[in-house]
Structure formats: C-alpha cells, structure tokens
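Beneath this line is the structure, given in structure tokens, with notes to follow.
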Amino acid sequence: MNDKIITYIKEEIAIMPLDSIDVHEDLLGSGIVDSLGMMKLVVFLEKEFQVKIAPEDMTVENFDTINHISEYLSKK
Amino acid sequence: MIYNLSQILEQSAERFPDKEAFKCLDKALSYAVLDEKADQLAAFLIKSGLKKGDRVAIYMNRCLDTAIAVYGILRAGGVFVAINPLLPANRSLLIINDCGIEFILTTVSQQTKVKEILKESPLLKVVGLSDEENENWVSWNTIFTKSMESFKRPTIVEEDLASILYTSGSTGVPKGIMHSHKSLVCLAKLEADLHHSTHLDIIGNFAPLHFDQSLFGYFSGPLVGATTVIFPDAYVKLPASLSMLAAKEKITLWFSVPLILMQVLMHGDIDNKDFSALRYVRFGGEVFPVNQLRTLMKKWPHVKFINSYGPSEVARCTYNILVEPPQTDDPIPLGTVWGNTEYKILDEKDQEVKKGDPGELVVRTGTRMIGYWNNKALTEKSFFRISQVSGYDHIYYRTGDLVRENRKEELMFLGRIDRQIKLRGYRIELDEIEAVLQQNEKVNEVAVIVTTKEGGDRELEAVIRPVDKATIDIRELILFCSAHLPTYSIPQKITLLDDFPRTGSGKIDRNAIVRQIENNAL
C-alpha cells in the first residue's frame, strides 16, 4: 500500500523532484504536497483502494505522513 | 501617535501585556513577551552589525517565530524580506543577491534548504540554526538568553523602508516591492476601520508571510490588541482540519483567497461546526465563483462578506461589503476605494475614459509602494504622474487591471492589460515562464497559456516548438522549470508542436492555441 502511495505522490503530485519519500516524512509541513495535490491524492486513494473518504476524515492526523495515510485506510 | 510598525507592538504591550498577540496551535506569545523578544532580536541584530535600512530575510513556514522575526527586524530599523521557503534555491538566491541580504532568520525545520542556499552564499549570518555548528550561526535560544542592557531602540521615521516583497517580473527576474512604515501603518489602520476591529477580535491568518494578505494579521490585528491565529501549513492544506481549528479558535475575522473558502465549503464539514463567533469574511487575490460564494453566504447568514481588491504595489485599495447573497451569477464588483484613495480610469493614450467605459485603473493612495527595489526605470514606468506645479506631482500607480464603473459607481474587474494572471491566488506572469523556458537550449519557441477545463478548472500549459523533437524530454523540461520558477508557475502540461498557429504577421497566435487545446484539437 505504502509503495503505491509513494509512487503516486512522486510521479503525480510532488511539487519538487524527489528521489524517495520516507513513510514518516511530513508531507504537508515540508511542502512536498500542496492543497490541490492533497485533493488529487484523496481522489486517487478512493479509486485505488475502493474506499470512501469522508470530508471530516481529511485531517492533519490522518494525512500528514504516508504511514498515517495507510493506517487510516486500513481502518476503513 | 503611531507612525511606525514597531510602535504598534509597543503600544499593545503597554495596554494588553498579558493578552495573546499571536497563537499557533498550542503555543502563544503574549504582547509583553513578544515585545521583549523583539527587543532581544533587535539588540542582537544591531550588535552583529545591522545598520538602519539593511535588509533581513525571513525564511520560515507558517509558525509563531515569524512574529518575533518581523517585529525584531523592524525594531532594529531593518527591512524584512519574506522569502517563500518553497522556492527553488536558485530563485531564493536571486532575491538574496538582488537586495543585498546579510542576515537570514529561519528555523531548524528549514535547515536542509538553508544549507543549500549557504553553499552559494556562505557569508550569510544565520539566526535559528544550532550555534555549535558554525560561527556565523546563532540559535533562537541564545538570542533569548542575552542581556539587553546596552540596547537603545533606533529612531524610525514613517518614510523609512519597512518591507520588500518580491513578486514575479515579466523578464524572469523577481521584482522587489518596497513599502515604507507609513504605507503599512496606513493599511493596518484602514483594515481595522473596515472591520471595526477591537482587542476582542481573533484573526484567522491563513496566508504565508510572503503573501501580502498576511499584513492584516501581523499588523492590523496587533494595532487594536487583537489575537492573530497563525494556521500552520498542514492545516491550510486540509479543509477539515482548517475548519475545525477555525471553529475551535472562535475566529471572528477571516481573510483569505477564495480557494481556501471554497475548499472549506466543500470538504470542511462546516454544517457540524460552530462558526457563531465569525463576524467578517474578507476574500481577495482572485475572483470568487459567484455560485459558491452564494452557497457559503447562505450557510453563514450572520457573517458580513467583503470582496477586497488591490495589487501588492498599493497593498489593497477597494472593498465591497456584501449585505446579502448575490441573486444572479453576475460578477461581484471590486467595490469602492478607501476614503484616502483617488483613482482614474485611463485609455491607451492616458486620457480619462467616458463614464462607464473600460480602461486601466490608476490609483493614488497612502498605501502606495515607494517603488521597485533598485529599479528606477521600472518604478517610473509603473507610475502615472499629473504635474500640479513644477516639482509637485500627483502620483498614481498603474495597476495594469482593466476596469469600468457600473451605475452605482462601483469598479468592475474586466481583465488585465498585460499577460499577468491570477491562478489559485498566485500572481503569475506568463511572459516570465516563457522567458525561463526560452533559456533551455532545446527550446526553439514557446507559448505559455491558461486553458479552462470542463467544470471550470483553469490550468497553466506550455506549448513548445523544440529545436529537435527527437532529443527533447518533457520530464526534463518540467525539472528545468522547477529549478528556476516557483511551484505555482510551473506549467501543469507541456505539449510539443512542429509549428504554432500564427497571426497574419507571423506572431504566435496564443488565442488560437487556447481554442485548439480546449477543443482537444492539439
């Protein structure tokens, strides 16, 4: 799951060229992903993993790192 | 009397010493503490050789330390230059070199990027990184433990330079907009008047420091002793967290780009949150789609909405208070100018147009910039002068915006007279992106355009005629852009063409390119 998310972020929405992304890296504070990229990521996750992400779940706690994103998704 | 920005803090520290001046999540600075820390930073800067008028960079993301940095620099008589830490290092260096920066204030979270800048500019003195690593570096902790005995605040007069704000220039080099203490104090007072703000207000500050909407939270709030809540970067990107925090902090005054409000409306779950404290929502930076504005206004009927307009060169100059949700989808007027502001609408020959006709808006106001840093020619080009008598001119700033007056004498925005655009709140010069791409040796000709997708989304696209189609790689071109341009200026799509559609005179026909892309004909 992590690998798919990393690949998508690196290839589609990262706003700077990246070699790799650590699963604990702060995606939002470091500026790897901007607000529009975040919206794209949510659409991608819903499609790829067949889940529905409610607006109230789109929080810093669930989306700040790749680890937290997959933890959140596995609880769905 | 308050005539400089440093006095704003001084006065509120006397009146409301224990009140929270700035807050960011679970951390806060009271007015008294901020006042003391600003003195400590100012003392350090002066002792380290800062002279009045010297430029100091603030290289930080949205955090509490930005407030100390801003007021410390100003109190020392320095000029703050907020640099977007998401800019490529090349571009940060252009700014640092352009205005001769010797000090850079930062935080540990930015150290990787700062160290990259230091490789090219090793003499910079750094505040905010560990002082054990380098003799030119000093940590915030060290500054806040220093004694202040010998510090005497320098005299700052209203004409002194307070800030340089860098924005895109059409030639590929950013230009520095200089504001004096006078123009920024004036703006702070006008904004406080507009909202009737008081020390009971709580301001939501969503803009980063390098975006001039933040001037409201950093100066107009403290002027009345209000509390400014700095929303961290992560919260601004996630609407559910942003609206949760705004409700929790009981924000009373909101000022942001329309995009943030639209995201909060769509994904912020606002029906289940308490926004009863909110008094005003002000938006600006670009056009708010009327149907979404209407929906939001209906959800928050107790809130007054204001459309606020102005190029950074005059900070802001018009406001339009909306008393009820717009009935039709007609564009929202920019409104009327501040009381201390005059304007004219000019045709191509600098003659005033007939009432109701379109023309370029020129503005004469107390919030006008001094000019562009180290660029007299560009400054003079941006001013429209009407000589009253030899040696005394009325100076208007040429906004480059095409407007007309409606029947109620409100200004209506019609577009630009040049190729500057607004996308997601960012001011973008299409000519600048073309100038950068043109520097790539594999590019023969380039056109950068904005296309509108289904659903109304607008995208930045580049169309390129390569020198040799076989060897050009689009990924490589995107990387080239990201090394020279801010993120928001990087084209979202690049298309290669053997030749462009052209006008009769052989020029690239950009309108035809836009039409072809929108009709999927390219």
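The values are calculated or read from the model by the stated rules, or taken from the named source; none is laboratory data. Quick caveat, the model's predicted, so the values are computed rather than measured. With ideal geometry, Cβ positions are generated from the backbone for all residues, glycine too; neighbour counts draw on all protein chains shown. Ligands, DNA and RNA are stripped out before the accessible areas are found, and what is left, the full protein with its side chains, is counted by its heavy atoms. Shrake-Rupley method; radii C 1.70, N 1.55, O 1.52, S 1.80 Å.
Identify all residues within the range B:144-161 that are outside any loop (DSSP other than H, G, I, E, B) and either more than 30 Å from the chain's Cα centre (by Cα) or farther than 21 Å from B:ILE96 by Cβ (or both); write none if there are none. Can you show your working first?
Going residue by residue through the range B:144-161, those that are outside any loop (DSSP other than H, G, I, E, B) are B:144, B:161.
Once the filter is applied, which keeps residues that are outside any loop (DSSP other than H, G, I, E, B) and either more than 30 Å from the chain's Cα centre (by Cα) or farther than 21 Å from B:ILE96 by Cβ (or both), the range B:144-161 yields only B:PHE144.
Of the residues that make up the range A:58-67, is at least one assigned to a helix (DSSP H, G or I), touching a Gly at 6+ places or on another chain (Cβ under 6 Å) and without any contact (Cβ under 8 Å) to a residue 60 or more places away in the chain?
no
Restrict the check to the range B:387-404 and report whether at least one residue is open to solvent by less than 70 Å² (accessible area, probe 1.4 Å), assigned to a loop (DSSP other than H, G, I, E, B) and either at positive phi or not small (Gly, Ala, Ser) (or both). Walk me through it before giving the result.
Step one: of the range B:387-404, the residues open to solvent by less than 70 Å² (accessible area, probe 1.4 Å) are B:393-403.
This time we only want the ones that are assigned to a loop (DSSP other than H, G, I, E, B), so: none.
Taking every residue of the range B:387-404 in turn, none turns out to be open to solvent by less than 70 Å² (accessible area, probe 1.4 Å), assigned to a loop (DSSP other than H, G, I, E, B) and either at positive phi or not small (Gly, Ala, Ser) (or both).
Could you give every pair whose Cβ atoms fall below 7 Å, whose first residue belongs to the range B:219-244 and is within 14 Å of another protein chain (Cβ to nearest Cβ), and whose second residue is of a type in the set (Phe, Trp, Tyr) and in a strand (DSSP E or B), counting only separations of at least 6 or pairs across chains?
Going by the 7 Å Cβ cut-off, the qualifying pairs are B:ILE230/B:PHE22.
May I ask you to list the residues in the range B:208-237 that are surrounded by fewer than 24 Cβ atoms within 10 Å (Cβ to Cβ) and within 9 Å of the chain's Cα centre (by Cα)?
B:PRO208, B:HIS210, B:PHE211, B:GLN213, B:SER214
From A:ILE32, A:ILE15, grab the single residue that is modelled with pLDDT under 85, part of a loop (DSSP other than H, G, I, E, B), within 13 Å of another protein chain (Cβ to nearest Cβ) and surrounded by fewer than 18 Cβ atoms within 10 Å (Cβ to Cβ). Spell out how you get there, then give the answer.
Details: A:ILE32 fails: surrounded by fewer than 18 Cβ atoms within 10 Å (Cβ to Cβ).
The conditions single out A:ILE15.
Report whether or not B:LYS349 is over 22 Å from the mean Cα position of the chain (by Cα) and assigned to a loop (DSSP other than H, G, I, E, B).
Numbers: over 22 Å from the mean Cα position of the chain (by Cα): yes; assigned to a loop (DSSP other than H, G, I, E, B): yes.
Taking the combined requirement at face value, the residue satisfies it.
Suppose we keep only residues that are open to solvent by less than 20 Å² (accessible area, probe 1.4 Å) and either under 10 Å from the mean Cα position of the chain (by Cα) or more than 13 Å from chain B (Cβ to nearest Cβ) (or both) within the range A:35-58. Which one would you say is farthest from B:LEU238 (Cα to Cα)? Steps first, please.
Applying the first criterion (open to solvent by less than 20 Å² (accessible area, probe 1.4 Å)) to the range A:35-58 yields A:37-38, A:41-42, A:45, A:53, A:58.
Okay, now just the ones that are also either under 10 Å from the mean Cα position of the chain (by Cα) or more than 13 Å from chain B (Cβ to nearest Cβ) (or both), so A:37-38, A:41-42, A:45.
Numbers: A:GLY37: 11, A:MET38: 8, A:LEU41: 12, A:VAL42: 11, A:LEU45: 15 Å.
So, considering only residues that are open to solvent by less than 20 Å² (accessible area, probe 1.4 Å) and either under 10 Å from the mean Cα position of the chain (by Cα) or more than 13 Å from chain B (Cβ to nearest Cβ) (or both), the one farthest from B:LEU238 (Cα to Cα) is A:LEU45.
Considering only strands (runs of 3 or more DSSP E) fully contained in the range B:226-334, which possess at least 2 residues that are under 25 Å from B:CYS63 (Cβ atoms) and in contact with a strand residue (DSSP E or B) (Cβ under 9 Å, 6 or more places away or on another chain)?
Working: elements: B:227-230, B:253-256, B:280-283, B:304-309, B:318-322.
Once the strands (runs of 3 or more DSSP E) in the range B:226-334 are filtered for at least 2 residues that are under 25 Å from B:CYS63 (Cβ atoms) and in contact with a strand residue (DSSP E or B) (Cβ under 9 Å, 6 or more places away or on another chain), what remains is B:227-230, B:253-256, B:280-283.
Here are B:VAL436, B:VAL446: which of them is over 17 Å from B:THR318 (Cα atoms), open to solvent by less than 30 Å² (accessible area, probe 1.4 Å) and without any contact (Cβ under 8 Å) to a residue 24 or more places away in the chain?
Working: B:VAL436 fails: without any contact (Cβ under 8 Å) to a residue 24 or more places away in the chain.
Every option except B:VAL446 fails the conditions.
For a quick check of your reading of the model, give me the residue pairs whose first member lies in the range B:93-108 and is outside the structural domain of B:TRP140 (by TED's automatic domain parsing), whose second is open to solvent by 20 Å² or more (accessible area, probe 1.4 Å), with beta-carbon atoms closer than 9 Å and at least 6 apart or on different chains.
That search, which allows pairs on different chains as well, returns nothing.
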